[in-house]
Amino acid sequence: MLVILKRDNEEVNEQAAQLIAGAIRKKPLLTLGLATGNTMVGLYQHLVRLHQAGWLDFSEVKTFNLDEYLGLPDSHPQSFQHFMHENFFRHVNVSPRNIHIPDGSIRGHYEAYCASYEQSIRAAGGIDLQVLGIGRNGHIGFNEPTSSLASRTRLKVLSRETLDDNAKFFGPEEGPSCAITMGIGTILEARKILLLATGGSKAAAVAKSIEGPITCAVSASALQLHPDVTFVLDEPAAARLAERDYYHRVLQMTSLLTPDRLS
Ligand code: F6R
């Protein structure tokens, strides 16, 4: 587990964009797992800038999003489909046929649909690089606390904390209470994982995920089981980590000995 400590949000986005761009340059046919949410907005802006400057080509990249709310039409301003198109896809050259986002408009036959989403990940050769944010409660995707660490793509009921966090986006309209999400087991099958966290509201979840016990109470703690995870954190998000000095030293040695891991 590599923990990259950055000063602020801007530096986190820059570092994460560099890692993603490096992965695409090494493997133009990369299969990229993507996330939505506030943390991702700046990252997508960086990737869009790299693309528009002619330094990053997404034409052969395949993408799979982690999750989508159940019951929102694609055109709903809070749907992840809408988020991805507005913040990323419409500004870059990912081919529409290579974009995969769980379909939140399905009614019934959820298990069959979720199994088919997993099947399309497998058919694409599996996810090479999965990008994650983290919820205040430690969720990754919408794997809320108590999710099975072996879970697969499925329908998930949102936790009270997530509903409260979402209330500001939905206003008086009642927000969705369920989502379709890749499972923790699905996420752990990605070859490489990159988790971004910014802001003090994530500090407790980040510390538990990196330094706490592996537990279904903190879904992101399952990432400790993965051999190639990089956390990119700003100072407020890293504030409750006990081993910050060690992570700084590891980072120095990584840039000396295996700089490839940082580009
Ligand atoms: C969304 C997702 C979620 C978010 C998490 C953090 O696709 O997978 O796990 O990454 O809720 O959201 P923000 O960045 O809005 O704090």
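Only one entry in L225, L195 is within 16 Å of the ligand (Cβ to nearest atom), at pLDDT 95 or above and under 23 Å from G33 (Cβ atoms), namely L195. Contact annotation: residue pairs with Cβ atoms under 8 Å, 6 or more positions apart or on different chains, pairing a residue in the stretch 127-156 that is over 22 Å from V41 (Cβ atoms) with a partner that is outside any loop (DSSP other than H, G, I, E, B) and of a type in the set (F, W, Y), are T153/Y117; R154/Y110; L155/Y110. Here the condition is being open to solvent by less than 40 Å² (accessible area, probe 1.4 Å), touching a Leu at 6+ places or on another chain (Cβ under 7 Å), not in a helix (DSSP H, G or I) and not hydroxyl-bearing (S, T, Y); of V131, V94, it holds for V131 alone.
Return yes or no: is T162 crowded, with 19+ Cβ neighbours inside 10 Å, under 19 Å from the mean Cα position of the chain (by Cα) and under 19 Å from T39 (Cα atoms)? So T162 passes the test. Selection over the stretch 213-229 of residues that are crowded, with 16+ Cβ neighbours inside 10 Å and either farther than 13 Å from I187 by Cα or not β-branched (V, I, T) (or both) gives a count of 8. State all residues of the stretch 134-148 that are surrounded by fewer than 22 Cβ atoms within 10 Å (Cβ to Cβ), within 16 Å of the ligand (Cβ to nearest atom) and more than 16 Å from the chain's Cα centre (by Cα); if no residue qualifies, say none. Hits for the stretch 134-148 are P145, T146. Any residue at all in the stretch 76-91 that's out of contact with any strand residue (DSSP E or B) (no Cβ under 9 Å at 6 or more places or on another chain), away from the ligand (no atom under 14 Å from the Cβ), open to solvent by 20 Å² or more (accessible area, probe 1.4 Å) and in a loop (DSSP other than H, G, I, E, B)? Yes, the stretch 76-91 contains at least one residue that is out of contact with any strand residue (DSSP E or B) (no Cβ under 9 Å at 6 or more places or on another chain), away from the ligand (no atom under 14 Å from the Cβ), open to solvent by 20 Å² or more (accessible area, probe 1.4 Å) and in a loop (DSSP other than H, G, I, E, B).
Of all residues in the stretch 28-75, those being in a loop (DSSP other than H, G, I, E, B) and either at pLDDT 95 or above or crowded, with 22+ Cβ neighbours inside 10 Å (or both) number 17. Across the stretch 97-115, which residue is most open to solvent (accessible area, probe 1.4 Å) among those that are in a loop (DSSP other than H, G, I, E, B) and within 16 Å of the ligand (Cβ to nearest atom)? Residue satisfying both the conditions and the ranking: D103.
Here the condition is being of a type outside the set (D, E, K, R), closer than 29 Å to V206 by Cα and part of a strand (DSSP E or B); of I20, I4, it holds for I4 alone. When the criteria are applied in full, E118 fails the requirement of being within 15 Å of the ligand (Cβ to nearest atom) and among the acidic types (D, E).
Do any strands (runs of 3 or more DSSP E) lying entirely in the stretch 134-237 carry at least 3 residues that are farther than 24 Å from Y117 by Cα, and which ones are they?
On the way: elements: 154-157, 178-181, 192-197, 229-233.
Ranges flagged: 229-233.
Is at least one residue of the stretch 49-57 touching a residue at least 40 places away in the same chain (Cβ under 8 Å) and within 20 Å of I140 (Cβ to Cβ)? No: zero hits.
The values are calculated or read from the model by the stated rules, or taken from the named source; none is laboratory data. Computed from a predicted structure; not experimentally measured. Note that we place each Cβ from the backbone using ideal geometry, even for glycine, and neighbour counts take in every protein chain shown. Accessible surface areas use protein heavy atoms only, side chains included; no ligands, DNA or RNA. Shrake-Rupley method; radii C 1.70, N 1.55, O 1.52, S 1.80 Å.
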